[in-house]
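Below: the structure, in C-alpha cells.
The values are calculated or read from the model by the stated rules, or taken from the named source; none is laboratory data. No experiment lies behind these values; they were computed from the predicted model shown. A quick note on method: Cβ atoms are made from the backbone with ideal geometry, for glycine too, and the neighbour counts reach across all protein chains shown.
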Amino acid sequence: MGEPATWQQEQISLAYVLGVATQANATIATWNVDKDGVDVTLKRDHTLVELQMKCTFDPQLLADGTTHTFDLDVATYNKLRGPRRTAAGYLGLVVVPRDVDTWLEHSLDSVLMRCSGFYAQIQDLPEAEGSVTKRIHLPQPQRLNSFGLDVMLEFSDERLWGPRASIGEAIA
C-alpha cells in the first residue's frame, strides 16, 4: 500500500484519457514538452481538442457535494483559454484512490481502472488576473468519457466553423 508519486498520477491520467479516446473513436497525441499547457491532443474527423491532464487522490468538492475544484496555475489557464487557439482548451481531472495498489483490478478476462475523470472547458474564459492559481470547477455531470468527448469536439468544431446545418436546413 502506498501513496502515489507525481509521475504515477501523470501516467494514470494519460492512460485514462487514452482509454476514453479509444472508446470514442478518437486518436490521441501526447506531447513530450508541456510548453503550451497541453498534455494531449484528441482528434476525430479532423476536429481537435487539447487537454491539460491532472490527477488527484484528494479531490476538493464544493458545498454542493457534486462539483470538484482544482487550482490550476494561471500560466496554464491563460494558455488554455487563448482566443486564437485552433483546438479548444480543456482541463481534465482524473480522481484516483489514495492507495496506488488499488488503481487497477485484474481478473482473468479484464482489467478495471478504479478512477473517474471530469473535464472543464477553459477555452474562451476571461483572463485570470493577479494570482498564482485559478480555481476551476468541474461538475460531476461533465464526465471525461465518450459522451463528454463528443461535447468537447462539437464545441471545438462549432467554435471554428459555426453551428452545423440540420438536414432540413441543408436541403432548403
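Of note:
- Only a single item in (1) under 22 Å from GLN140 (Cβ atoms); (2) surrounded by fewer than 20 Cβ atoms within 10 Å (Cβ to Cβ); (3) at pLDDT 95 or above; (4) of a type outside the set (A, V, I, L, M, F, W, C) is not met by THR66, and it is number (3).
- In segment 1-57, residue farthest from ASP73 (Cα to Cα) [restricted to those that are in a loop (DSSP other than H, G, I, E, B) and in contact with a Phe, Trp or Tyr (Cβ under 7 Å, 6 or more places away or on another chain)]: PRO4
- Some residue of segment 19-39 being more than 21 Å from LEU149 (Cβ to Cβ), buried (at least 17 other Cβ atoms within 10 Å of the Cβ) and not acidic (Asp, Glu): no
- For segment 82-107, the candidate set comprises residues that are assigned to a loop (DSSP other than H, G, I, E, B) and more than 21 Å from the chain's Cα centre (by Cα); within that set, the residue that is surrounded by the fewest Cβ atoms within 10 Å (Cβ to Cβ) is SER107.
- Some residue of segment 96-105 being of a type in the set (D, E, K, R) and at pLDDT below 90: no
- Selection count, segment 1-29, where residues are more than 13 Å from the chain's Cα centre (by Cα) and under 23 Å from ARG81 (Cα atoms): 3
- Taking every residue in segment 65-79 that is closer than 13 Å to LYS35 by Cβ and pairing it with any residue that is modelled with pLDDT of 95 or more and buried (at least 17 other Cβ atoms within 10 Å of the Cβ), at least 6 positions away or on another chain, the pairs with Cβ-Cβ distances below 8 Å are THR76/GLN52; LYS79/VAL38; LYS79/GLY89.
- Condition check for ASP101: among the acidic types (Asp, Glu) and more than 17 Å from TYR16 (Cα to Cα): no
- Meets criteria (in a loop (DSSP other than H, G, I, E, B) and surrounded by 12 or more Cβ atoms within 10 Å (Cβ to Cβ)) for ASP124: yes
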